[in-house]
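Read the structure below first, then the notes.
The values are calculated or read from the model by the stated rules, or taken from the named source; none is laboratory data. Bear in mind the structure is a predicted one, so any value in this text is a computation, not a measurement. Backbone-built Cβ (ideal geometry, glycine too); neighbour counts: all protein chains shown. The protein model used for the area step is the full one, side chains on, heavy atoms only, and it has no ligands, DNA or RNA in it. Shrake-Rupley method; radii C 1.70, N 1.55, O 1.52, S 1.80 Å.
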Amino acid sequence: MNAWDELIWRCADRRRKEIGPLSDQAFEELLLAVRENPEAFVDHTPERALLFMARALDAYRESCRNDDLLDDESFERQRAARLAALHSACQRARESDESSLDANLLEVLSQDPAPDRLLDVLLELEKDFSSDEPPEGDAWDDIYYRPHLRLRAVVARTCLDTAHYRMAQSAALSVMDATPADPLGARHTYLLACARLEDEPAFDAACARYSHQESAWSHLARVLLLYKLGRMSAARRALRGYDELCRGGAYALLRPTYVEIYLPDRPDAAPCSFEECLMAVREAEPIIADVPDFIGWCQGFDWLVSSAARFAERNDLDW
C-alpha cells in the first residue's frame with residue numbers, strides 16, 4: 001500500500017471538487033503542489049486517518065531494515081514492539097475516521113492473529129464495509145474503491161492460508177475481474193488455488209489472460225499442479241524451469257524462510273527474484289504441507305539440491 005501516493009491523490013481530488021472543473025494541465029499542477037507538501041493539504045477527517053497510516057507504515061518499514069543483524073530473541077522483541085506501535089497508530093487512525101476501511105484492516109493485521117481467526121475477522125469487515133458493485137472499467141482507477149480491493153485480496157490469501165481453496169479461487173478471481181492489470185497480484189493466489197484444486201483449465205486460462213507473464217508463483221504453482229495430477233515427467237520439467245528461471249528458487253523451496261506479514265499488500269519484488277520466491281513458497285506452504293511427499297520428491301533431484309547449496313554459498317546463507 002502506497003499510502004502517501006493515495007493521500008496525495010485524495011487531497012488533490014478533494015481540492016479539485018472544491019475549486020470546480022480543472023483542465024488536465026491544471027490538475028497536474030495541483031498534484032505537483034500537493035506532492036511537494038501533502039500534509040499542508042490534509043484538513044478533512046479521511047485524509048487525517050490516511051496520514052496517520054502513511055507515517056505509521058513508514059516507521060514500521062524503517063524498523064525492519066536491520067532485522068538480519070538481530071538474534072532470534074532480539075528479533076522477536078523488535079517485531080513485537082513495531083507491531084504494537086503500528087497497532088496503536090492504526091487505532092488512532094480508526095478513531096479519527098471510523099469509516100476508514102484501510103485503518104480497520106491494518107489494525108486487524110497488526111495484531112497478527114492466527115489464520116482462522118483472521119479470516120473470521122476479515123469476513124466480518126467485508127460485511128461491515130459492504131459496497132456496491134465495482135465501478136465500471138478498471139476499479140483500481142477509483143482511488144476510493146481501492147480499500148475494498150485490498151481487503152478482498154487479503155481475504156483471498158487468507159482463504160489459501162486456511163485451506164479454503166475454492167473460496168480463495170473465487171475471491172482472487174473477483175479482484176482480477178475488477179482490475180484487469182491486477183496491481184494487487186491476485187492472480188498469484190488464484191494460480192496456487194488452481195494448483196491445489198487440480199484445476200488445469202482454469203490455471204491455463206489465467207496464464208493466457210496475463211500473456212504468460214511468469215512469476216515465482218506461476219512456476220511453483222505449475223510444479224505443484226502437475227505433481228498432483230501425477231504427470232511426473234512434466235512436473236520434473238516444470239521444477240527444472242522453476243530452478244533455472246527463479247533466482248534462488250531451489251533454496252527458497254528446500255529451506256523455507258520466514259516472511260513478514262503483508263501490510264496489507266505484498267511488498268514489491270522483481271519477477272522471479274529471490275524475494276518473490278520467498279513469498280511464493282510461504283504462500284504455498286498449506287498446499288505443500290497437504291502433499292507430504294512433494295518436498296521429498298524435490299530433494300530426490302541432485303541438481304536441485306546442488307542449485308540450492310550453490311545459492312546459499314554465494315549469498316552467505318545457512319545450508
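Do the conditions hold for residue 196, that is, is it in a helix (DSSP H, G or I) and either free of Cβ contacts under 8 Å to residues at least 60 places away in the same chain or in contact with a Lys or Arg (Cβ under 6 Å, 6 or more places away or on another chain) (or both)? When the stated conditions are applied, residue 196 does not pass them.
Considering the conditions (1) within 16 Å of residue 294 (Cβ to Cβ); (2) in contact with a helix residue (DSSP H, G or I) (Cβ under 6 Å, 6 or more places away or on another chain); (3) in a loop (DSSP other than H, G, I, E, B), residue 226 is excluded by exactly one of them, (3). Of all residues in the stretch 272-285, those satisfying the criterion of being touching a residue at least 12 places away in the same chain (Cβ under 8 Å) and of a type outside the set (A, V, I, L, M) are 272, 273, 274, 276, 277, 282, 283, 285. When residue 96 is tested against (1) at pLDDT below 95; (2) closer than 18 Å to residue 173 by Cα, only condition (2) is not met.
Is it true that some residue in the stretch 243-250 is open to solvent by 20 Å² or more (accessible area, probe 1.4 Å) and among the small types (Gly, Ala, Ser)? Looking for residues that are open to solvent by 20 Å² or more (accessible area, probe 1.4 Å) and among the small types (Gly, Ala, Ser), one finds none in the stretch 243-250, hence no. Tally up the residues in the stretch 261-285 that are open to solvent by 40 Å² or more (accessible area, probe 1.4 Å) and of a type outside the set (A, V, I, L, M), please. The number of residues fulfilling the criteria is 6. Within the stretch 64-85, residues that are within 22 Å of residue 54 (Cβ to Cβ) have Cβ atoms under 7 Å from residues that are part of a loop (DSSP other than H, G, I, E, B) in these pairs: 64/260; 78/70; 83/110; 83/112, counting only partners at least 6 apart in sequence or on another chain.
Candidates in the stretch 286-319 are the residues that are charged (D, E, K, R) and touching a residue at least 40 places away in the same chain (Cβ under 8 Å); of these, the one that is least open to solvent (accessible area, probe 1.4 Å) is 290.
Scanning the stretch 238-254 for residues that are of a type in the set (D, E, K, R) and part of a helix (DSSP H, G or I) yields 240, 243, 244.
For the condition open to solvent by less than 40 Å² (accessible area, probe 1.4 Å), within 21 Å of residue 154 (Cβ to Cβ) and part of a helix (DSSP H, G or I), residue 122 qualifies.
Checked against the criterion of being modelled with pLDDT of 95 or more and either of a type in the set (A, V, I, L, M, F, W, C) or surrounded by fewer than 16 Cβ atoms within 10 Å (Cβ to Cβ) (or both), the candidates 19, 8 yield just one match: 8. Scanning the stretch 158-196 for residues that are surrounded by fewer than 22 Cβ atoms within 10 Å (Cβ to Cβ), over 18 Å from residue 148 (Cβ atoms) and either touching an Asp or Glu at 6+ places or on another chain (Cβ under 8 Å) or among the hydrophobic types (A, V, I, L, M, F, W, C) (or both) gives 161, 162, 163. Taking into account only those residues within the stretch 125-142 that are open to solvent by 100 Å² or more (accessible area, probe 1.4 Å) and assigned to a helix (DSSP H, G or I), which is nearest to residue 183 (Cα to Cα)? Taking the candidates together, the pick is 141. In the stretch 5-34, the residues that are over 25 Å from residue 57 (Cβ atoms) reach residues that are in a loop (DSSP other than H, G, I, E, B) and open to solvent by 20 Å² or more (accessible area, probe 1.4 Å) with C-beta atoms within less than 7 angstrom, at least six apart or across chains, in these pairs: 16/22.
Looking only at the stretch 81-130, residues that are over 25 Å from residue 162 (Cα atoms) and of a type outside the set (A, V, I, L, M, F, W, C) come to 11 in all. When restricted to residues that are open to solvent by 40 Å² or more (accessible area, probe 1.4 Å) and touching a Leu at 6+ places or on another chain (Cβ under 9 Å), the stretch 143-157 contains 2. Out of the stretch 197-242, which residues are of a type outside the set (Gly, Ala, Ser) and surrounded by 21 or more Cβ atoms within 10 Å (Cβ to Cβ)? If the condition is that a residue be of a type outside the set (Gly, Ala, Ser) and surrounded by 21 or more Cβ atoms within 10 Å (Cβ to Cβ), then 203, 217, 219, 220, 222, 223, 224, 225, 226, 227, 239, 242 are the ones that fit. Residues satisfying the criterion are present in the stretch 9-25 (criterion: under 27 Å from residue 157 (Cβ atoms) and part of a helix (DSSP H, G or I)).
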